[in-house]
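Worksheet: the structure to be examined is printed underneath.
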Amino acid sequence: MDVWSWICELPYSEDWPIITDSTSELTFNLASSTESLQLKARRKFTSNSDLLAITLYVSYEDKALWVSDTCQVNSKQPFLPLVLQIIQEIVSRSPNAHDTINASCPRSQLQKLKPDSVSWILDSHSTESFSTFFNLVFLARLFWLCACDAPSEVGSIYFNSILGPNLDVFSTSQAPVLRAFFVSAGIDVELCLMRTFGYMITKCLMLREVGVGLQLLTPSYDNLGFSYATETHGLWVLKGYAPLMAMTRCGPNRVSDVKSLFEAKESVLKYALAHQQIEVVIQLEYSIEFKDTFILVNARVDNIRVHVAKLGFNKNEENVYMHERHFPSRVRFWVGPEAGASYVTGLTLGRSTDNIEKETETQKILKGSFGDTKVPKMKAMTKTTTRTKARAWRWDQDSDGHVAIFDTTLCDNMTGVEISTWQPHIGDLGGVNDHERGDQVERSFQKRYTGANRSFTKSGNWVFAEGLEGIKWRLNKEMEGSVLKWRIGGQVWVSYLPNEMKSSYFETRCVEWCDEVDLPLIPGSY
């Protein structure tokens, strides 16, 4: 569905059929299975037949469902207003858009999108490259139109004949222009767009899972979601977004059995949990030192943030299911030179493998009695106390060649269980101690967003910013003046255990991203 290429050819097309003396119209079928849902372009002429403007319509059975702003085709970028209008309308309808924009201040309001955020992308990218970006946002605008503002049969056409066959457009490899747009438009627009995309993917995958005609039409949904990496102001930043339904499930997903996910008792909970999206930011601070015989590259973890966002419009705060959500249980990421690089001569990690620190306190009491008794009486008592410093998150550094690996895992302080690999009551021998151990883990993570010792924020998110020891690479002096490509990637695990309600449901899901960032080895640029 290459809508953008069709739009770009409109001003020069010789096939415009005449409707009236001053109007002509062209049609693009949005669904291959039917001609009832169409995108129409209408242009108007002056008395001397000079082309003035083009207006686009989405129509169903010749009834207009959506009308674009007028596009002046004699301008430098005639369809820039169309792109801005579509993005602005998506942002205003985003799930929890009001909460997202007003999270920090109730008086905050998202301003209208600036034309510069799109115009330079139109200038700097080819028609073929920009086409992927436009098709993506046009799919999103069609989603809100067909799901909310059109007859029900239009929604069926959209999911089966439009969104399903084009679902792979939401993968990272299919949207290269999206990264440039996010950097230009800012984080607020980025969140609104990505939550719309996540909501669309969730709805499509849920329909597929319950078997509503999408099994053969939708492609594999591995790696759906989006991630990108940037280098800016001495930071390497990796951002990733993944709807829960598009993440890979790790192991069995129930405590007691393997019944259908949509069993009546669990269906409401499953529905609520599906409407979530993982939003991850990994920031590493780096610096360059130019020595006499080598170049030293330093990096350290600046910030890791994992946000579990709700995808929906349910404002019923009394519904206990709406408060249930997944939580981060492991974050693993890596950074280092491109594969096969021979210019790196050494890697130095900055953190040793943890040796658990214990404090032992011994107290001895000796009692005795002496006197005229023929048999002396004596009593001895010994008391030993052991203290162990334990943290909920275990942090490790490792390496694979010259690639540094950071790994932080959530553990239960009482049992030592790693939550990301734990399967409650599955694979054990069913002994009393095993069941008690499982029950202890479940109790440890109930009420996990309240209390002084919680491992997450009250909103269910996780932030890591402890200024950990850094890492160092030594590079050949000959690389000075060049801009290298540095690999950066990560894996994130999220798990679910009941928080405010009683349920036997448990699962862990995982997603993986990988990208490249620049490493400029240019003296004086820092």
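Numbers at a glance
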item: Close pairs from the stretch 230-257: first buried (at least 20 other Cβ atoms within 10 Å of the Cβ) and of a type in the set (Ser, Thr, Tyr), partner part of a loop (DSSP other than H, G, I, E, B) and at pLDDT below 90, Cβ under 9 Å, at least 6 apart; result: Tyr241/Gly225
item: Residues located in the stretch 244-285, provided they are among the hydrophobic types (A, V, I, L, M, F, W, C), closer than 28 Å to Met194 by Cα and either modelled with pLDDT under 70 or not in a strand (DSSP E or B) (or both); result: Leu244, Met245, Ala246, Met247, Cys250, Leu261, Phe262, Val268, Leu269, Ala272, Leu273, Ala274
item: Selection within the stretch 396-416 - in contact (Cβ under 8 Å) with a residue 60 or more places away in the chain and farther than 18 Å from Trp473 by Cα; result: Asp407, Thr408, Thr409, Leu410
item: Counted residues, the stretch 7-43 - those being at pLDDT below 85 and over 24 Å from Gln77 (Cα atoms); result: 9
item: Only listed residue being in contact with a Cys (Cβ under 9 Å, 6 or more places away or on another chain), at pLDDT 85 or above and not polar (S, T, N, Q), chosen from Arg300, Arg330, Arg305; result: Arg330
item: Criterion: out of contact with any strand residue (DSSP E or B) (no Cβ under 7 Å at 6 or more places or on another chain) and over 15 Å from Ser92 (Cβ atoms) - qualifying residue of Gly198, Gly186; result: Gly186
item: Matching residues, the stretch 134-182, being part of a helix (DSSP H, G or I) and small (Gly, Ala, Ser); result: Ala140, Ala147, Ser152, Gly155, Ser156, Ser161, Gly164, Ser173, Ala180
item: Qualifying residue in the stretch 98-107 (condition: closer than 27 Å to Ala180 by Cβ, of a type in the set (Ser, Thr, Tyr), surrounded by fewer than 19 Cβ atoms within 10 Å (Cβ to Cβ) and modelled with pLDDT of 85 or more); result: no
item: Some residue of the stretch 419-431 being among the β-branched types (Val, Ile, Thr), closer than 24 Å to Phe327 by Cα, modelled with pLDDT of 80 or more and part of a loop (DSSP other than H, G, I, E, B); result: no
item: Check on Leu191, within 19 Å of Ser94 (Cα to Cα), modelled with pLDDT of 85 or more, buried (at least 21 other Cβ atoms within 10 Å of the Cβ) and touching a Cys at 6+ places or on another chain (Cβ under 6 Å); result: no
item: Residue list for the stretch 44-66, restricted to those being farther than 15 Å from Pro151 by Cβ and either modelled with pLDDT under 85 or exposed (fewer than 14 other Cβ atoms within 10 Å of the Cβ) (or both); result: Lys44, Phe45, Thr46, Ser47, Asn48, Ser49, Asp50, Leu51, Leu52, Ala53
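The values are calculated or read from the model by the stated rules, or taken from the named source; none is laboratory data. All values derive from a computational prediction rather than experimental measurement. Quick reminder, even Gly has a Cβ in these numbers, built from the backbone with ideal geometry, and neighbours come from all protein chains shown.
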